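The structure appears below as structure tokens.
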Amino acid sequence: MAVWDVMRKKAKCIVPAHRHAVDGVVVAPDGVACFSASRDRTVRMWDMDIPVDEDIVPVAEYLGESPFTSLDHHLKKPQFVTSGNIIELWDVNRTKPIQRFEWGDDTVRQCRFNKVETDLVACCMADRGVAVYDTRTRSGHSKVILELNCTSISWSPIDPNLFVAGCDDWNAYLFDMRMPGRPKSVFQGHISAITSIDFSPTGTHFVAGSTDNTVRIWSTKQFTKSDSEDMYHTKRMAKVFSVKWSLDNNYLFSGSEDAIVRVWKAQASTPIRPMRGAEKNQFEYMKTLKDKYSQFVEVKRIANQRNAPKVIKRTRLKAKKMQMREAVKEMSRTKSTNIKPLSRRKVIQTLK
């Protein structure tokens, strides 16, 4: 486990935290402690006040019954939740879990606490399910079975009913907990499985990383959901396994298979340096003009233009043609032009 200094671009310290791969790291909301979960069936708590020239040892250690795949910390209480063969709720001051949840026999890939209704936990499972649990009633709320596996999940920090899930079918699904049987929106753009997803602090956008070596940003309110608002990539970047949106809403962090952590601007056109009064007013005026005339054909073409790699462009074009052929086959089979929307076709079953 490594702690990085972003300004210096150097590792502040490297800790030999576990005997096996670390699959989950989370910092407590108060910033005092850090928790790491590993496949060696242990969760360890570390002090963020890192000593100099001293051996770093964990403050506490929690032993589970199975390897852990992820963990998340409660926003208000000294509790954290872990996923593995089952979901377990832990108290920081106890060495045994205080609650256990399971819905089926498959492994839970990831779990996340709701950031507004903090007693709700969402998780994605290996049986293609997305489930929501309530720690107050110690029971499950709802579960949706999708067409392919869900790999990552993130709650909206503004609306307690919304969460987004990234799947192996290249799509991201926005769910409303009040209507769990059908995704509210389906966001397309990636040409490979989505591995990580995270909401912005404002709740209006979310970022996703994929094994197609790109990072994409979508708006939850964008009209056209067949492509992302923005895409980040480099020539040497490998498969992206983790993405995170900074709390100041200005930067994105991505970790990829080439063992590199990259920092991106959340808005590519915004300069990093501080702007003075006249320059800031000019920048805001140009942004207002772009928003005002965004529906003009030429303005829309320039705003949507992205220098994507040829492989991604070709694969994305093939995927769109394949979707059109499937729609034509479905209309021929049913002898009707009324086919189910994509959001309904991707949901196999709903459980409560």
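The values are calculated or read from the model by the stated rules, or taken from the named source; none is laboratory data. Predicted model only: the values in this text are computed from it and were never measured. As a convention, Cβ positions derive from the backbone with ideal geometry for all residues, glycine included, and neighbour counts pool all protein chains shown. With ligands, DNA and RNA removed, areas are computed over all heavy atoms of the protein, side chains included. Shrake-Rupley method; radii C 1.70, N 1.55, O 1.52, S 1.80 Å.
Round to a whole number: what % of the accessible area of the chain belongs to carbon and sulfur, probe 1.4 Å?
Solvent-exposed carbon and sulfur of the chain make up 53 percent of the total.
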Checklist entry - When all protein chains stay in place, what accessible area (Å², nearest 10, 1.4 Å probe) is found for Thr137? => result 90 Å²
Checklist entry - Dividing the convex hull volume of the alpha carbon atoms of the chain by its residue count, what do you get in Å³ per residue? => result 164 Å³
Item to check | Solvent accessible area, Å² - Cys167, 1.4 Å probe, full protein context | outcome: 0 Å²
Next on the checklist: Name the residue from Tyr62, Ala17, Trp46 whose Cα lies farthest towards the positive end of the charge dipole of segment 1-74, charges +1 on Cβ of Lys and Arg and -1 on Cβ of Asp and Glu.
Outcome noted: Ala17
Checklist entry - Roughly what would the spin-label model give for Arg276 and Glu54, points 7 Å off Cα along C-beta, in nm? => result 4.8 nm
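Apply the Kirkwood formula to segment 310-352: the hydrodynamic radius equals the inverse of the mean of 1/r over all pairs of different alpha-carbon atoms; give it in Å with one decimal.
Working: mean 1/r = 0.0815 Å⁻¹.
Kirkwood hydrodynamic radius for segment 310-352: 12.3 Å.
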Checklist outcome for this item: With R₀ set to 30 angstrom, the calculated FRET efficiency between the beta-carbons of Ile348 and Ser269, to the nearest 0.05, is 0.15
Checklist entry - About its Cα centre, what dipole magnitude does segment 32-91 give when the only charges are +1 on Lys and Arg Cβ and -1 on Asp and Glu Cβ, stated in debye to the nearest 20? => result 380 debye
Item to check | Cysteines, the chain, no other Cys beta-carbon under 4.7 Å | outcome: Cys13, Cys34, Cys167
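What's the magnitude of the charge dipole for segment 292-333 around its Cα centre, counting Lys and Arg as +1 and Asp and Glu as -1 at the beta-carbon? Answer in Debye, nearest 20.
200 debye
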Checklist outcome for this item: Expressed per residue, the solvent accessible area of the chain in Å² (1.4 Å probe) is about 58 Å²
Checklist outcome for this item: Here the gain from full extension of Arg94 to Thr202, 0.36 nm per residue of separation minus their alpha-carbon distance, amounts to 35.4 nm
Checklist outcome for this item: Violations at 22 Å Cα threshold for listed pairs Lys290/Lys310; Lys184/Lys221; Lys265/Lys310; Lys184/Lys346 -> Lys290/Lys310; Lys265/Lys310
Item to check | Contour minus Cα-Cα distance for Asp119 and Lys300 (0.36 nm per residue) | outcome: 60.9 nm
Next on the checklist: Expected output is a single nm value to one decimal: the length gained when fully extending between Ser139 and Leu63, i.e. 0.36 nm times separation in residues minus the C-alpha distance. What is it?
Outcome noted: 25.0 nm
